[in-house]
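Okay, so here's the structure we're looking at.
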There are 2 protein chains.
Amino acid sequence: MKRGSRPTQHDIARAAGVSTAVVSLVINGRANGKVKISSATQERVRQAIRDLGYVPNLAARQLAGGQTNVLGVFTYEPIFPMSPTDFYQPFLVGIEEQATKSDYNLLLFTRPTGTGRRHIYHDGVNQLLAAQGAVLVGTNEDRDELSRLRDEGYPFVFVGRREINGENIPATAADYTGATEALVGRLIAAGHRQILYISFQSENESAADRTRGFLQALTAAGIPAPERFVHRTEKAPTITIEHLRQWIAQGITALAFEQINTAYEVLELAEGAGLRVPGDLSIVALGKADDPTVHHHDIDTFFIPQREMGAGAVTLLDRILREPDASISYPITIPCTPVPGRTIGPPAPSGAAGKEVVEQAL
Amino acid sequence: MKRGSRPTQHDIARAAGVSTAVVSLVINGRANGKVKISSATQERVRQAIRDLGYVPNLAARQLAGGQTNVLGVFTYEPIFPMSPTDFYQPFLVGIEEQATKSDYNLLLFTRPTGTGRRHIYHDGVNQLLAAQGAVLVGTNEDRDELSRLRDEGYPFVFVGRREINGENIPATAADYTGATEALVGRLIAAGHRQILYISFQSENESAADRTRGFLQALTAAGIPAPERFVHRTEKAPTITIEHLRQWIAQGITALAFEQINTAYEVLELAEGAGLRVPGDLSIVALGKADDPTVHHHDIDTFFIPQREMGAGAVTLLDRILREPDASISYPITIPCTPVPGRTIGPPAPSGAAGKEVVEQAL
DNA sequence: CTGAAAGCGCTTACAG
DNA sequence: CTGAAAGCGCTTACAG
């Protein structure tokens, strides 16, 4: 054993008077498997390990095909979501909790790529290969990279439903469709027939899921979907009191917001201008983050199960690694818990004619 | 190149008509170092890399002595500090930010050990060896493990000053001594002569630093340290209004709290009982976490530079890895920014006699 | 049950 | 400048 370096299995083998194969088997607990090692020999090996302070070299173990118990975590977000108000923070908490339970260490891919934005591939090198598999989190993902990742057969799970070329990739997803259908169903049950869906300009899978749930709720109630049921808005809300008045004049009795922040702003806007909610207008939000610093109980909405999504991603990845050939249907869907509020009520007694165009240029 | 597996340097070498050594040199950017590789050859290698989609095997690279750019993060805390109100969260943020800047990925040691508490050594195996070096965070550390870690020569940095066998180990530390001396100095400048230091029962390095700063402030002002200047308390505060009244009767005019939470509780207790702060009693706290969810501006205190401590730990570890033989004096001390409050004022005009025993059994 | 040996994919002297 | 080769420390058939 060379000076200054750690002892190797070779040193142990010599000290115990056995071969390195025996040492390896004892260390990995395979001494009672296909090959039997006498317990006397095992004890000699263990004693030598203690005496020499042997510790396995993980790189060598990995190179030789052993397990390293390292799962990667990658996000396209600019920095790791460790700010307490960050939407992605609860996902990470869930990932971390489940990693502990499933006996994995976590490799956070924090290395920059020089372009200012994170990338999976640096100079064509898949950075994730340092881990046995990876959990991906966040929006703004690069679909080309995901596509390539899948083609390479690298094991990964996305947190949030994602389609590549129309096909669902391994993912855990909130049941936005079901939760939206249930919530809009409550509006309909309260008597609403003209409901406007306020969405962002950008279209993605989770928005599509909500839209589907919205339409399913209408269909289930036998209400024909109006030609234009969605009002698209920029990230910075552009809704004014004039919008609200005009919508009410058009017969709209309820608003369903994709983002709860927008819903809150409009709620304040409406009530500040003397409109009653839900008297004049009912309001729902199609999802609410698990943000512990915000405790509103006003708006009817549902929780996005962020921790469960993160934890589920680790569980799913673990399964993929253990059973590479299992056929699993993606995404794994996780239900959303309803959050009751005070913003659903019966529609105003008499609105405008129901036949008018729902939306106009504003 | 075998089916189903990734191409290796050997495949690249064959495709480019060179040896694996050349491939390695080109990949690692050493093609212009001691050994020169013609740019034509370099380009052929790069082309082959692109054509075959080669990606290096990190385990092999590590085993052969190359760089992996992986830094470990270990904490003795029960779970990773991802709760927004957690004291350790800002350290992690700082670590993450600096890791990105210094071009490292982060390996979070989340694997449990079965004992309920985290450990560096699992069955005698140093888990941190999966990384080139590690940053350690949190209290409740196992000094024996730290000692062994240091004896092994494993590169690590603690966030927070720590001594092993009376010797400072590599660490970044808040300047509790200087900040405490300055803050207590303000009390003295305001006229206070009998100041009681409220500390926890447990003694550790940061408490010792504060104590030293406290005594230095007295010494600098030529005030002899009273025999008993510290009141020790349990984690759950055990201070009552009777304590306060008795202290005032004894001539105490100011309290310096180790923990800001205790300071706030006592402030409320005092004011609730009709005592004026700072009229009857001045109060300072010896440090305040960077907790974004709490915004008190009442008590005179100072910020604990948590993010800087985390970031500094990565910077220091990076330096240790690059210059293993550099002699660095530990800990690296980081100043604390003062936080002005409203709880320092001149002492009450006439207290009790200054000669009495400062503390009595209560 | 045990031992000698190949091989994982890379880096790095060393000899041409 | 380039190539053949050793070695990093481990796992795993394979032959005794």
Residues B:K34, B:K101, A:K36 in order from fewest to most other beta-carbon atoms within 10 Å are B:K34, A:K36, B:K101
Per residue, how big is the convex hull around the C-alpha atoms of the protein assembly as shown? Give it to me in cubic angstrom, could you?
229 Å³
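So how do A:V135, B:V26 line up by other beta-carbon neighbours within 10 Å, fewest first?
Ranking A:V135, B:V26 by Cβ neighbours within 10 Å, fewest first, gives B:V26, A:V135.
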Considering only the other residues whose Cβ falls under 10 Å of the Cβ of A:T180, what net charge follows from Lys and Arg at +1 and Asp and Glu at -1?
-2
Nm distances between copies for B:T20, ranked from closest, using label points 7 Å along Cα→Cβ
1.6
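Where does the charge balance sit around B:G66 when Lys and Arg score +1, Asp and Glu -1, over other residues with C-beta under 15 Å from its C-beta?
On the way: positive: B:R30, B:R61, B:R322; negative: B:D103.
For residues surrounding B:G66, the net value is +2.
If you take every DSSP beta bridge fully contained in the protein assembly as shown, what fraction is antiparallel? Give it as a percent rounded to 5. Kindly include the intermediate steps, with their values, before the conclusion.
Numbers: 17 of 79 bridges.
Antiparallel bridges make up about 20 percent of those DSSP assigns within the protein assembly as shown.
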If one compares the long axis through the Cα atoms of helix A:260-272 with the longest principal axis of the Cα atoms of chain A, the angle in degrees, nearest 10, works out at 30 degrees
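For A:T240, B:T68, what's the fewest-to-most ordering of other Cβ within 10 Å of each Cβ?
Working: A:T240 13, B:T68 18.
In increasing order of surrounding Cβ atoms, one gets A:T240, B:T68.
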From the label point of A:Q47, set 7 Å along Cα to the beta carbon, how far off in nm is each other copy's matching point, shortest first?
6.3
Go through segment A:101-110 residue by residue and turn each phi into a ³J(HN,Hα) via Karplus (6.51, -1.76, 1.60, θ = phi - 60°); whole Hz please, and just put x for glycine and proline.
5, 8, 6, 10, 8, 10, 9, 8, 8, 9
Segment A:179-256: percent of C-alpha pairs farther apart than 18 Å?
40 percent
What gaps in nm, shortest first, separate A:Q67 from its twins in the other copies when you place the label 7 Å past Cα toward the beta carbon?
3.3
Ordering of B:261-270, A:86-95 by packing [mean C-beta count within 10 Å, highest first]
A:86-95, B:261-270
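Quick check: net charge around A:L267, other residues with Cβ under 14 Å of its Cβ, Lys/Arg +1 and Asp/Glu -1?
Details: positive: A:R276, A:K288, A:R342; negative: A:E265, A:E268, A:E271, A:D280, A:D298, A:D300.
Neighbour charge sum, excluding A:L267 itself: -3.
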Can you find, among B:T253, A:L63, A:L316, the residue sitting farthest towards the positive end of the charge dipole of the protein assembly as shown, where Lys and Arg contribute +1 and Asp and Glu -1 at Cβ?
A:L63
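Laboratory data are not the source of any read-out in this text; all were calculated from the coordinates shown. None of the values given here were measured: they were computed from a predicted structure. As a convention, Cβ positions derive from the backbone with ideal geometry for all residues, glycine included, and neighbour counts pool all protein chains shown.
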